[in-house]
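*Asks:* Input: one structure, supplied below.
The values are calculated or read from the model by the stated rules, or taken from the named source; none is laboratory data. Computed from a prediction, not measured in an experiment: that's the story for all the values here. Counting neighbours? That spans all protein chains shown, and the Cβs are built from the backbone with ideal geometry, glycine included.
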Amino acid sequence: MPTPAQEIQAQVSKELAGFVTIIVLGASGDLAKKKTYPALFKLFRNGFLPENTHIVGYARTKMTHEDYLGRVTQYIKADEKEVEKFKAITTYHSGLYDDDASWKSLDDYLVKNEAGRGVSQGHRNRVFYMALPPSVFIPVAKGVKKAVYSRDGVNRLIVEKPFGMDTESSNELGRELGALFKEEEIYRIDHYLGKEMIKNVMTMRFANIFFSQVWDRKYIDNVQITFKEPFGTEGRGGYFDDFGIIRDVMQNHLLQVLSLIAMERPISTESEAIRDEKVKVLKCIPPVTIDDALLAQYVAANGKPGYLEDDTLKNKQSRTPTFAALTLWVQNERWEGVPFIMKAGKALDDAKVDIRIQFRNVAGNLYKGAPRNELVMRIQPKEAVYIKFNNKQPGLSYQTIQSDLDLSYHERFTDMAIPDAYESLILDVLRNDHSNFVRDDELEAAWKIFTPLLHRIDSDSSIPVRTYPYGSRGPAELDGFVKKYGYDRSNANYTWPVQSVAPGNKL
Ligand code: BG6
C-alpha cells in the first residue's frame with residue numbers, strides 16, 4: 001500500500017510524465033510572492049513537483065536574476081539550504097503583456113530552456129499561472145495562446161478572481177477566454193476550495209451515516225456561514241471600493257461553502273460529478289433580495305481609521321459595504337424554508353471563518369430549556385469540527401448542560417501539517433483534478449444569485465448602508481437580522497472549547 005505522499009507523487013508523474021514548466025505571469029506582484037511562490041516551494045520541498053520542473057517568472061518589471069530570486073523567496077520561511085535548491089529551478093524573463101514580440105521572445109526562451117533540460121518530445125507541458133490584475137487577463141491569454149501555447153504537450157491555465165463584476169461582464173470574460181482555451185485547460189481558482197476544512201465538508205457529509213440522515217429541512221433550522229476579518233481595507237481601498245464585500249468574498253468564497261453544504265450527493269468523487277451537483281444546487285437559489293440584506297460600512301474607532309478615511313480610497317463619499325449579512329434560500333425539496341445566512345465583514349472584532357448549522361428544537365422536549373444542537377465547522381483559524389450537544393450535568397443533579405463533541409485538529413492531528421490552500425490547489429492542477437476549481441456554468445449560476453442585488457446597491461442610494469465601529473461585532477442591527485430568520489442565541493453564554501460546570505451549579 002503506497003503512503004499518501006507516494007500516491008500523490010505517482011499521480012503527478014503519471015499526469016505529466018515527469019516534465020513541466022510553470023510560467024508565473026505577473027511574477028513581480030503581491031499574489032505571486034505571497035502565495036504562488038511559497039506554495040510552489042512547499043510542493044518542491046515535499047517532492048510533489050514533477051522530477052523535471054522549471055519555474056519561469058514573467059512580468060513587465062526589468063530585474064536581474066538575483067533581484068528576482070530575492071523578491072519571490074522573501075515570504076518563504078525555511079532552511080536556507082532548501083531555499084537555495086528551490087532557487088536553482090527558477091529563472092525570470094521580462095516582457096510586456098500586450099506585445100506580440102514579447103510573447104514570441106518568451107516562447108523562444110521556454111523552447112531553449114526545455115531543450116537544455118532534456119524535455120522529451122510530446123512532453124513540453126506548460127502550466128500558466130495568471131497572477132495578474134483583471135485588466136490584463138484577456139491580452140495575456142491571447143498572447144499566450146498565440147505564441148506560447150505548447151503544441152507538443154499539455155497546457156493548463158490558472159486564473160484568479162475577480163471573474164467579472166456581474167453576470168454580464170463575467171460571461172463576456174468567459175466567452176473571450178473560452179475562445180482561446182478549452183474548459184478542461186482552465187482552472188479558475190477560488191482559494192477557499194483549497195482550505196482543509198472546506199475540502200472536508202464532503203467527507204463529513206457523505207462518509208458519516210448520522211450526518212446524512214439529519215441533513216435537511218426536517219432537522220436543520222438554519223445555517224450560518226460567517227467570515228470575520230479584524231483589519232480594514234487599509235492600502236487596498238482602491239481595489240475594494242469597486243467591488244465591496246459581496247463581490248470580494250461572498251459571491252465566490254462563501255457561496256462555494258454554501259454549495260458544498262447544500263448540494264445533493266454526487267454520483268462519484270470525480271470532479272465533473274461534484275461540479276454538476278454544485279451547479280444544480282446553485283440553480284435552485286433565487287436572486288438575493290434587498291429585504292434579505294443588511295449592509296454596513298465601518299467607521300473610525302479605537303484609534304483606527306474608518307473606511308472613508310482610507311488614503312487609497314478615491315471616492316470619499318463611497319457607500320460601498322464593507323460588511324453584509326445576506327440570507328439565501330435554496331428552493332428544493334431538501335431545503336425549502338431553511339435560511340442560509342451569510343455574514344462577512346472587514347474591521348470586525350475577530351479573525352474567524354466558520355459554518356454553523358443549527359438544528360431544530362427536540363420535539364416534546366423532556367428536558368425543558370435544553371438548547372438546540374449545533375454543528376460547527378471552524379474553517380480558520382485552528383481548524384475544528386464540534387457539535388454542541390446536551391448532556392446530563394455530571395454529579396447528583398439531573399439538570400442538563402450543554403457541552404461539545406470536539407475534534408480540534410491541532411490537538412488530535414498533532415503531527416500533521418495543514419497545507420496552505422494554494423499549495424493544495426496547484427497540486428490539483430498538476431494532477432489534473434478540477435474538483436476544487438470553478439466551472440464556467442457554476443460561475444454563471446453564482447453571479448445570477450447576486451447580480452440583481454449588486455446592481456440595485458450600485459444604483460439606488462436610498463438603500464440604507466448602516467455603520468459599525470472598527471473592531472466591533474458589526475452593525476447594531478445584526479442581532480435583529482439574524483433573529484428574524486429563527487437563529488436561537490439562547491446558548492450564547494456557552495464558549496467553545498473549554499468548559500466547566502458553572503460554580504453555582506456545583507453540588
Ligand atoms: C480574498 C479577498 O479573496 O480573500 C480578501 O479579496 C480577503 O479581501 C481574502 O481578505 C481572505 O482570504 P483568507 O484565506 O485570508 O481567509
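*Asks:* Please tell me if Ser102 is small (Gly, Ala, Ser) and modelled with pLDDT of 95 or more. Break it down stepwise before answering.
*Replies:* Working: small (Gly, Ala, Ser): yes; modelled with pLDDT of 95 or more: yes.
So Ser102 passes the test.
*Asks:* Name the residue that is farthest from the ligand (Cβ to nearest atom), counting only residues in the range 253-272 that are among the aliphatic types (A, V, I, L, M) and over 18 Å from Asp350 (Cα atoms).
*Replies:* Among them, the one singled out is Ile267.
*Asks:* Could you give me the residue pairs with C-beta distances under 7 Å whose first residue belongs to the range 105-120 and is touching a residue at least 12 places away in the same chain (Cβ under 8 Å), whose second residue is part of a helix (DSSP H, G or I) wherever it lies, and which are 6+ apart or on separate chains?
*Replies:* So the pair list comes out as Leu106/Val148; Asp107/Ala147; Asp107/Val148; Leu110/Val148.
*Asks:* Within the range 215-241, count every residue that is of a type in the set (A, V, I, L, M, F, W, C) and farther than 15 Å from Thr322 by Cβ. Full working, then the answer.
*Replies:* Let us first name the residues in the range 215-241 that are of a type in the set (A, V, I, L, M, F, W, C), namely 215, 220, 223, 225, 227, 231, 240.
Okay, now just the ones that are also farther than 15 Å from Thr322 by Cβ, so 215, 220, 223, 225.
Residues in the range 215-241 being of a type in the set (A, V, I, L, M, F, W, C) and farther than 15 Å from Thr322 by Cβ: 4 in total.
*Asks:* Now for a different question. Please tell me if Gly178 is among the small types (Gly, Ala, Ser), surrounded by fewer than 15 Cβ atoms within 10 Å (Cβ to Cβ) and not assigned by the TED database to the domain that holds Ala101.
*Replies:* Working: among the small types (Gly, Ala, Ser): yes; surrounded by fewer than 15 Cβ atoms within 10 Å (Cβ to Cβ): yes; not assigned by the TED database to the domain that holds Ala101: yes.
Taking the combined requirement at face value, the residue satisfies it.
*Asks:* Looking at Gly486, Gly480, Gly395, Gly474, which is the one that is within 30 Å of Phe359 (Cα to Cα) and crowded, with 20+ Cβ neighbours inside 10 Å?
*Replies:* On the way: Gly486 fails: crowded, with 20+ Cβ neighbours inside 10 Å; Gly480 fails: crowded, with 20+ Cβ neighbours inside 10 Å; Gly395 fails: crowded, with 20+ Cβ neighbours inside 10 Å.
Exactly one of Gly486, Gly480, Gly395, Gly474 is within 30 Å of Phe359 (Cα to Cα) and crowded, with 20+ Cβ neighbours inside 10 Å, namely Gly474.
*Asks:* For the range 165-245, which helices (runs of 4 or more DSSP H) that fit wholly inside it have 1 or more residues that are within 16 Å of the ligand (Cβ to nearest atom) and either out of contact with any Lys or Arg (no Cβ under 8 Å at 6 or more places or on another chain) or more than 30 Å from Gly306 (Cα to Cα) (or both)? I'd like the intermediate steps shown before the answer.
*Replies:* Numbers: elements: 167-180, 196-206, 209-214, 237-245.
Answer list for the range 165-245: 167-180, 196-206, 237-245.
*Asks:* Name the one entry in Val148, Val159, Val119, Val127 that is out of contact with any Cys (no Cβ under 7 Å at 6 or more places or on another chain) and within 15 Å of Gly95 (Cα to Cα). Write out each step before concluding.
*Replies:* On the way: Val159 fails: within 15 Å of Gly95 (Cα to Cα); Val119 fails: within 15 Å of Gly95 (Cα to Cα); Val127 fails: within 15 Å of Gly95 (Cα to Cα).
Testing whether each residue is out of contact with any Cys (no Cβ under 7 Å at 6 or more places or on another chain) and within 15 Å of Gly95 (Cα to Cα) leaves just Val148.
*Asks:* If I ask for residues that are in contact with a helix residue (DSSP H, G or I) (Cβ under 9 Å, 6 or more places away or on another chain) and more than 16 Å from the ligand (Cβ to nearest atom), which ones from the range 352-372 would you list?
*Replies:* Those that are in contact with a helix residue (DSSP H, G or I) (Cβ under 9 Å, 6 or more places away or on another chain) and more than 16 Å from the ligand (Cβ to nearest atom): Ile357, Phe359.
*Asks:* Then there's this: Which pairs do you get when a residue that is farther than 20 Å from Leu425 by Cα, found in the range 123-142, comes within reach of a residue that is not in a loop (DSSP other than H, G, I, E, B), reach meaning Cβ atoms under 6 angstrom, with the pair 6+ apart or on two chains?
*Replies:* Listed pairs, sorted by first residue: His123/Phe19; Arg124/Glu114; Ile138/Glu176; Val140/Leu25; Ala141/Leu177; Ala141/Leu180.
*Asks:* Return yes when Gly395 is of a type outside the set (Ser, Thr, Tyr), out of contact with any strand residue (DSSP E or B) (no Cβ under 7 Å at 6 or more places or on another chain) and more than 16 Å from the ligand (Cβ to nearest atom) and no when it is not. Walk me through how you get there before you give the answer.
*Replies:* Working: of a type outside the set (Ser, Thr, Tyr): yes; out of contact with any strand residue (DSSP E or B) (no Cβ under 7 Å at 6 or more places or on another chain): yes; more than 16 Å from the ligand (Cβ to nearest atom): yes.
So Gly395 passes the test.
*Asks:* If you don't mind, there's one more thing I want to ask. In this structure, does Lys382 turn out to be within 27 Å of Asn200 (Cα to Cα) and either crowded, with 18+ Cβ neighbours inside 10 Å or in the same structural domain as Ile225 (by the TED database) (or both)? Give the steps one after another, and end with the answer.
*Replies:* On the way: within 27 Å of Asn200 (Cα to Cα): yes; either crowded, with 18+ Cβ neighbours inside 10 Å or in the same structural domain as Ile225 (by the TED database) (or both): yes.
Here the answer is yes, as Lys382 does meet what is asked.
*Asks:* Among the residues of the range 34-62, which ones are farther than 30 Å from Lys14 by Cβ and either modelled with pLDDT under 95 or among the basic types (Lys, Arg) (or both)? Walk me through it before giving the result.
*Replies:* Restricting attention to the range 34-62, the residues satisfying the condition of being farther than 30 Å from Lys14 by Cβ are 34, 59-62.
The answer is Lys34, Arg60, Thr61, Lys62.
*Asks:* Right, next: Residues that are in contact with a helix residue (DSSP H, G or I) (Cβ under 8 Å, 6 or more places away or on another chain), over 19 Å from Met63 (Cα atoms), crowded, with 18+ Cβ neighbours inside 10 Å and at pLDDT 95 or above: does the range 112-123 have at least one?
*Replies:* Of the residues in the range 112-123, the ones in contact with a helix residue (DSSP H, G or I) (Cβ under 8 Å, 6 or more places away or on another chain) are 123.
From what is left, the residues that are over 19 Å from Met63 (Cα atoms) are 123.
Next, only the ones that are crowded, with 18+ Cβ neighbours inside 10 Å stay: 123.
Right, trim to at pLDDT 95 or above and you get none.
No, the range 112-123 contains no residue that is in contact with a helix residue (DSSP H, G or I) (Cβ under 8 Å, 6 or more places away or on another chain), over 19 Å from Met63 (Cα atoms), crowded, with 18+ Cβ neighbours inside 10 Å and at pLDDT 95 or above.
*Asks:* Looking only at the range 439-446, decide whether some residue is in contact (Cβ under 8 Å) with a residue 24 or more places away in the chain, surrounded by 16 or more Cβ atoms within 10 Å (Cβ to Cβ) and over 24 Å from Phe227 (Cβ atoms).
*Replies:* So the first thing to find is which residues in the range 439-446 are in contact (Cβ under 8 Å) with a residue 24 or more places away in the chain, and the list is 439-446.
Going one step further and asking which of them are surrounded by 16 or more Cβ atoms within 10 Å (Cβ to Cβ), we end up with 439-446.
Keeping just the survivors that are over 24 Å from Phe227 (Cβ atoms) gives 440-441.
Yes - at least one qualifying residue is present in the range 439-446.
*Asks:* A follow-up question, please. Under 9 Å between Cβ atoms, at least 6 apart or on separate chains: pull out the pairs that start in the range 184-206 with a residue that is under 30 Å from Arg126 (Cβ atoms) and in contact (Cβ under 8 Å) with a residue 12 or more places away in the chain and end on any residue that is of a type in the set (A, V, I, L, M) and assigned to a loop (DSSP other than H, G, I, E, B).
*Replies:* Glu185/Val154; Tyr187/Val438; Arg188/Val438; Ile189/Val438; Asp190/Val438; Leu193/Val438; Lys195/Ile418; Glu196/Ile418
*Asks:* Here are the criteria: (1) touching a strand residue (DSSP E or B) at 6+ places or on another chain (Cβ under 9 Å); (2) over 15 Å from Leu375 (Cβ atoms). Tell me which single one Asp221 does not satisfy.
*Replies:* Among (1) touching a strand residue (DSSP E or B) at 6+ places or on another chain (Cβ under 9 Å); (2) over 15 Å from Leu375 (Cβ atoms), the lone unmet condition for Asp221 is (2).
*Asks:* A further question on this structure: Does the range 53-60 contain at least one residue that is under 21 Å from Asn125 (Cα atoms) and assigned to a loop (DSSP other than H, G, I, E, B)?
*Replies:* Within the range 53-60, the first condition is being under 21 Å from Asn125 (Cα atoms), and the residues that meet it are 53-59.
From what is left, the residues that are assigned to a loop (DSSP other than H, G, I, E, B) are none.
No.
*Asks:* Same structure, new question: Which of the residues that make up the range 400-422 are surrounded by fewer than 21 Cβ atoms within 10 Å (Cβ to Cβ) and under 16 Å from Asn200 (Cα atoms)?
*Replies:* Asp406, Leu407, Ser408, Tyr409, His410, Arg412, Phe413, Met416, Ala417, Ile418, Pro419, Asp420
*Asks:* For the structure I just gave you, tell me whether Met250 is assigned to a helix (DSSP H, G or I) and within 13 Å of the ligand (Cβ to nearest atom). First the steps, then the outcome.
*Replies:* Working: assigned to a helix (DSSP H, G or I): yes; within 13 Å of the ligand (Cβ to nearest atom): yes.
Yes; evaluated as a whole, the condition is true for this residue.
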